[in-house]
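Report on the following structure.
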Amino acid sequence: GERLWQAADLATNTVGNQRAVELARAAFAVGPPRLGPAWGHERLGRYLWFGGQLEESRVEFALAAELLSGDDGPDAAAVFAGLAQAALIAGDYGAAQAWCEKVFGLVPTPEGNQAAWVRARRVLGIVRSNQGDPDSAVELCRESVATATDAQAHALATVYLSLALLDAGVPIEWLGPIWAVANLSVAAGSFASTRFGAVIGLMPTLLVCIG
């Protein structure tokens, strides 16, 4: 089952989201994910969303949220962060903020769950930007960039920081060095895994979905 989840995660950035959905469902048929059913439903919901199956994705996200009710374990932070990301992409900033707050309630510092903390930080940054607080947005996104340690997370955090800076009034031509760092991160990460190279193709999608 675990290898199927790994394959689904790879497929969403390479083969396509429909294949990722198929692999995720096959993984569920084998048994519950190592990180729990809520984690699996959040992942499946994400693949469905990016594959354009919006209603199906909402069902999965709702199920993930329901399964996590009252769960304060460390694995819950990763799912909460994923649900925050989904709410942001859907334009539900209130829900995105609420999920981020749940993440920080469980992991107030990156040491508790770095990946979840970094994701929630950048999501909350864009929420603040849409709430008319560009200074807070830039600060949150910068914290996400500074804390991210793997290439994909660093590149995505840089995308969010760029959006926050643009909303704060920074001229787009000033963002060249920031994008150069993001592309360098992706290039470096590609030596370890080909999936990171797909982030470059994912960036325009994120800009459309979030902006």
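With respect to the conditions (1) under 25 Å from residue 39 (Cα atoms); (2) at pLDDT below 95, residue 130 falls short on a single one, namely (1).
Looking only at region 60-78, decide whether some residue is among the polar types (S, T, N, Q) and within 22 Å of residue 124 (Cα to Cα).
Checked region 60-78: at least one residue is among the polar types (S, T, N, Q) and within 22 Å of residue 124 (Cα to Cα).
Checked against (1) of a type outside the set (Asp, Glu); (2) closer than 20 Å to residue 80 by Cα; (3) modelled with pLDDT of 90 or more; (4) outside any loop (DSSP other than H, G, I, E, B), residue 33 passes all but a single condition, namely (4). Could you go through region 112-125 and let me know if any residue there is in a loop (DSSP other than H, G, I, E, B) and touching a Leu at 6+ places or on another chain (Cβ under 7 Å). Checking region 112-125: at least one residue is in a loop (DSSP other than H, G, I, E, B) and touching a Leu at 6+ places or on another chain (Cβ under 7 Å). Each residue in region 125-145 was checked for being of a type in the set (A, V, I, L, M) and in contact with an Asp or Glu (Cβ under 8 Å, 6 or more places away or on another chain), and 1 pass.
Per-residue answers, yes or no, for (1) more than 20 Å from residue 50 (Cα to Cα); (2) surrounded by fewer than 21 Cβ atoms within 10 Å (Cβ to Cβ); (3) among the basic types (Lys, Arg):
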site	(1), (2), (3)
86	no, no, no
90	no, yes, no
95	no, yes, no
105	yes, yes, no
114	yes, yes, no
119	no, no, yes
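Screening residue 14 on (1) among the polar types (S, T, N, Q); (2) part of a helix (DSSP H, G or I); (3) open to solvent by 30 Å² or more (accessible area, probe 1.4 Å) shows it passes everything except condition (2).
Exactly one residue out of 65, 27 is open to solvent by less than 50 Å² (accessible area, probe 1.4 Å), at pLDDT 90 or above and of a type in the set (A, V, I, L, M): that is 27. Considering 79, 127, 123, the condition of being closer than 22 Å to residue 151 by Cβ, open to solvent by less than 20 Å² (accessible area, probe 1.4 Å), of a type outside the set (Gly, Ala, Ser) and in contact (Cβ under 8 Å) with a residue 24 or more places away in the chain is satisfied by 123 alone.
In the set (1) open to solvent by less than 30 Å² (accessible area, probe 1.4 Å); (2) free of Cβ contacts under 8 Å to residues at least 60 places away in the same chain, the condition left unmet by residue 167 is number (1).
The values are calculated or read from the model by the stated rules, or taken from the named source; none is laboratory data. What you are looking at is a predicted structure, and each value in this text was computed from that prediction instead of being measured. Glycine also receives a Cβ, built like all others from the backbone with ideal geometry; neighbour counts cover every protein chain displayed. Just so you know, the surface numbers come from the protein's heavy atoms only, side chains and all, with ligands and any DNA or RNA stripped out. Shrake-Rupley method; radii C 1.70, N 1.55, O 1.52, S 1.80 Å.
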